[in-house]
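The values are calculated or read from the model by the stated rules, or taken from the named source; none is laboratory data. Since we're looking at a predicted model, the values are computed, not measured. Here Cβ is always computed from backbone atoms with ideal geometry, including for glycine, and neighbour counts include all displayed protein chains.
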Amino acid sequence: MLAAQISAFGPPDKVIELVEQPEPGEPGPGEVIVETELVPINPADVLNLEGKYGAAPPNLPMTPGAEGVGHIAKAGAGISHVKVGDRVLVPGPGTWRARIKAPAKVVFPLPAGVDPRQLAMLRVNPPTAWLMLHEIVAVKPGQWVIQNAANSGVGHCLIRFAREEGVKTVNVVRREELIAPLRAFGGDVVLADGPDLDARVRAAIGDGALPLAIDAVGGSATQRLARCVSEGGTVVNYGLLSGEACTVDGRETVFRNVTLRGFWLRRWFMETPPEAIAALYRKLAGKVTDGTLVVEVEAVYPIRDIKKAVAHAARGGRSGKILMSFANA
Ligand SMILES: NC(=O)c1ccc[n+]([C@@H]2O[C@H](COP(=O)([O-])OP(=O)(O)OC[C@H]3O[C@@H](n4cnc5c(N)ncnc54)[C@H](OP(=O)(O)O)[C@@H]3O)[C@@H](O)[C@H]2O)c1
């Protein structure tokens, strides 16, 4: 069967290859074979191919991919919560392959009749946005949250979750042309990043409370957010898109009691009971179904064009995510 693989780290389109791997075989009791339909390419995948992901590098050769959507192709004996044909989240890691054998209990069933492209992006970004908004600081309706890289997949999810709760968002982007579309999407305030960000934020929100900042960029961008939060506020760093270490000045941490902390979804998976994880995915799948959660897709490539797809995903200035399809693979 077809699978993506890397044997060395380097430029994504140079190191990624399509290879033939052995079929996963027949499912045993309690096991299923999931056939992959669509997988997204996330910034963490690109960093993994480059050997720059923050966590310990994986052993090589490695099949990348943290998420995707597929369906049950075969089911072993003794399985009741999914059946052949059901659409499911592809169990990871290593989702960039045509078929995967997994214990049925780790396979999450998805609603029928929903855009599979949105379901392919359900596993990573929506829970990240949800948990950062709900589990770090108690943000009350009417208060503000600020985020950078606000046009990202995570950023779109956060805007919609905050709106549902009556929490207002300041959305920071690095391209002026994103301001109008992100406002139309539901961002209350949208600003281009810059050295005077805090002054422009205060001009926009007045004396509104802003207890939480969500930082995907790191470097000096972290400091610009730290200056925007209210006294005693929290900055959560969850990405290092700039490739630079987070900087926060003592004027914020010492004199304004601002806290910088991190968030990593994988840690949440490790520390959370399976029932609680399944409950969150049920809620989030419902939000895809009712149209609350929508992330733009810029292109879907056939898996055979994987080199073009990863090169495209690694470029900035996209209007949405890059997905790869295993149809006819
Ligand atoms: N900690 C966790 O558990 C966790 C979980 C999920 C995601 N993440 C992280 O969340 C971030 C967003 O992921 P995503 O899938 O939502 O992204 P995405 O949809 O692929 O969008 C990428 C975003 O990054 C921006 N960007 C890229 N390089 C940048 C730079 N040097 N400075 C400022 N902005 C930059 C892009 O801006 P332009 O459009 O202007 O290029 C765009 O907004 C990534 O860092 C990812 O690793 C972390």
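Which residue pairs have Cβ atoms under 7 Å apart, sit 6 or more places apart or on different chains, and have a first residue in the stretch 257-273 that is near the ligand (Cβ under 7 Å from one of its atoms) and a second that is among the aromatic types (F, W, Y)?
From the stretch 257-273, the pairs are F263/Y238.
Exactly one of these conditions fails for G92: (1) surrounded by 19 or more Cβ atoms within 10 Å (Cβ to Cβ); (2) touching a residue at least 40 places away in the same chain (Cβ under 8 Å). Give me its number.
(2)
Could you run through the stretch 225-247 and say how many residues are modelled with pLDDT of 95 or more, within 11 Å of the ligand (Cβ to nearest atom) and not hydroxyl-bearing (S, T, Y)? Let's see the steps before the verdict.
Keep residues of the stretch 225-247 that are modelled with pLDDT of 95 or more, which gives 225-239, 241-242, 244-247.
Filter once more, so that each one left must be within 11 Å of the ligand (Cβ to nearest atom): 236-239, 241-242, 244.
After this cut, where a residue has to be not hydroxyl-bearing (S, T, Y) as well, the list is 236-237, 239, 241, 244.
So the answer is 5.
Looking only at the stretch 17-32, filter to residues that are among the aliphatic types (A, V, I, L, M) and surrounded by fewer than 21 Cβ atoms within 10 Å (Cβ to Cβ); which one of those is farthest from the chain's Cα centre (by Cα)? Please lay out each step first, then the result.
Filtering the stretch 17-32 for residues among the aliphatic types (A, V, I, L, M) gives 18-19, 32.
Restricting the remaining residues to those that are surrounded by fewer than 21 Cβ atoms within 10 Å (Cβ to Cβ) gives 18-19.
Details: L18: 24, V19: 26 Å.
So, considering only residues that are among the aliphatic types (A, V, I, L, M) and surrounded by fewer than 21 Cβ atoms within 10 Å (Cβ to Cβ), the one farthest from the chain's Cα centre (by Cα) is V19.
Just to verify a result, which residue in the stretch 148-207, among those that are within 15 Å of the ligand (Cβ to nearest atom) and of a type in the set (K, R), is surrounded by the fewest Cβ atoms within 10 Å (Cβ to Cβ)?
By that ranking, first place goes to R175.
Check D45, D86 and return the single one that is within 28 Å of K308 (Cα to Cα) and either polar (S, T, N, Q) or modelled with pLDDT of 95 or more (or both). Let's see the steps before the verdict.
Details: D86 fails: within 28 Å of K308 (Cα to Cα).
Only one candidate qualifies: D45.
When residues of the stretch 247-271 are filtered for being surrounded by 14 or more Cβ atoms within 10 Å (Cβ to Cβ) and closer than 22 Å to K105 by Cβ, how many remain?
2
Can you tell me which residue is nearest to the ligand (Cβ to nearest atom) among those in the stretch 296-329 that are hydrophobic (A, V, I, L, M, F, W, C) and assigned to a helix (DSSP H, G or I)?
The initial filter retains those residues of the stretch 296-329 that are hydrophobic (A, V, I, L, M, F, W, C), namely 297, 299-300, 303, 306, 309-311, 313-314, 322-324, 326-327, 329.
Right, trim to assigned to a helix (DSSP H, G or I) and you get 303, 306, 309-311, 313-314.
Working: I303: 19, I306: 17, A309: 13, V310: 12, A311: 14, A313: 7, A314: 10 Å.
Only one residue tops the list, namely A313.
What are the residues in the stretch 263-287 that are aliphatic (A, V, I, L, M) and over 18 Å from L133 (Cα atoms), if any?
Step one: filter the stretch 263-287 for residues aliphatic (A, V, I, L, M), giving 265, 270, 276-280, 284-285.
Selection gives M270, A278.
Here's a check for you: in the stretch 36-57, which residue that is under 21 Å from N237 (Cβ atoms) and within 12 Å of the chain's Cα centre (by Cα) is farthest from the ligand (Cβ to nearest atom)?
D45
Out of the stretch 45-79, which residues are surrounded by fewer than 23 Cβ atoms within 10 Å (Cβ to Cβ) and in contact (Cβ under 8 Å) with a residue 60 or more places away in the chain?
Within the stretch 45-79, V46, K52, G54, A55, T63 meet the criteria.
Kindly provide the set of residues from the stretch 181-237 that are of a type in the set (D, E), within 27 Å of L293 (Cβ to Cβ) and in a loop (DSSP other than H, G, I, E, B), ordered by number. I'd like the intermediate steps shown before the answer.
First pass over the stretch 181-237, keeping only residues of a type in the set (D, E): 188, 193, 196, 198, 207, 215, 231.
Checking which are within 27 Å of L293 (Cβ to Cβ) leaves us with 188, 193, 215.
Passing the criteria: D188, D193.
Before we move on, is L131 over 15 Å from A213 (Cβ atoms) and within 13 Å of the ligand (Cβ to nearest atom)? Give the derivation first.
Details: over 15 Å from A213 (Cβ atoms): yes; within 13 Å of the ligand (Cβ to nearest atom): yes.
In short, yes.
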